[in-house]
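Values quoted throughout were computed directly from the atomic coordinates according to the rules given, and no laboratory measurement underlies them. For clarity, every value in this text was computed on a predicted model and none was experimentally measured. Note: ideal-geometry Cβ built from the backbone for every residue, glycine included; neighbour counts use all protein chains shown.
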Amino acid sequence: MAKNIEIVLLEDVKDVGRAGDTCRVRTGYARNYLLPKKLATVLTPGTARLIEKKKQEALARLAKEKDEAEKLLKVLGKKTVTCTVKANADGRLFGSVGAPEIIAALADMGFTVDKRQIHLDEPFKALGEHEVHLVLHPEVKGLLKLKIVAETVADAAAAE
């Protein structure tokens, strides 16, 4: 019996390889761990063609996602997002502006952005204009202009 077997990984496996990679592993490791957990499959001419087809589909999907991200970044780069937050008469914020508030403001404008696509070192705690780092795709990064405007407590109390 052969000591090594050639397999195709279906998922990322630590210290072995990434999904879609072909590699040689010990027969027992493949038979007892990788194959039962459906982390890999044995390399045959049929599976090689299937893996190549899946790679092509994944590349096409990634290219489409990149194009969509570039278009969204181009539109967002021209816009300024405004967040209205409660502040006292001196202009100090009650709380801060973080990713959830930015996502809500973008949703009001008609854009959908995921929380993981917004990169903040820390939430904004001051009024004024700020820049937010966006990573819409691993290859598409940019800045979003954010303006934090005060909704004073005195105005809110007078409205009630």
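Treating r as the C-beta distance of Arg24 and Glu57 and R0 as 30 Å, the FRET efficiency rounds to 0.70.
Of the residues Ile102, Ile5, the one with the fewest other Cβ atoms within 10 Å heads the list, and the complete ranking is Ile5, Ile102. With θ taken as phi - 60° and the Karplus curve 6.51 cos²θ - 1.76 cosθ + 1.60 applied, the whole-hertz 3J(HN,Hα) list for region 121-126 is 5, 7, x, 7, 10, 9 Hz, x standing for glycine and proline.
Its Cα centre serving as origin, the chain has a Cβ charge dipole (Lys and Arg +1, Asp and Glu -1) of approximately 1140 debye.
Straight-line cross-link partners of Lys147 among the lysines, defined as a Cα under 30 Å from its Cα and at least 8 positions apart when in the same chain: Lys66, Lys71, Lys74, Lys78, Lys79, Lys86, Lys115, Lys125.
Placing unit charges on the Cβ atoms of the charged side chains and taking the dipole of the chain about its Cα centre, the candidate lying farthest along the positive direction among Ala48, Leu106, Pro123 is Ala48. Angle of helix 45-78 to the longest C-alpha principal axis of the chain, folded into 0 to 90 degrees and rounded to 10: 10°. With both labels modelled 7 Å from their Cα along Cα-to-Cβ, the Asn88 to Lys141 distance reads 3.9 nm. R0 = 25 Å: FRET efficiency of Lys71 with Ser96, Cβ-based, nearest 0.05? My answer for the efficiency is 0.25. A simple count of charges around Asp12, restricted to other residues whose Cβ falls under 11 Å of its Cβ and scoring Lys, Arg +1 and Asp, Glu -1, yields -1. Scanning residues 5 or more positions from Asp21 or on other chains, those with amide H under 5 Å from its amide H are Leu9, with H placed 1.01 Å from N in the peptide plane. Taking other Cβ atoms within 10 Å as a rough exposure proxy, Arg61, Arg26 sort from fewest to most as Arg61, Arg26.
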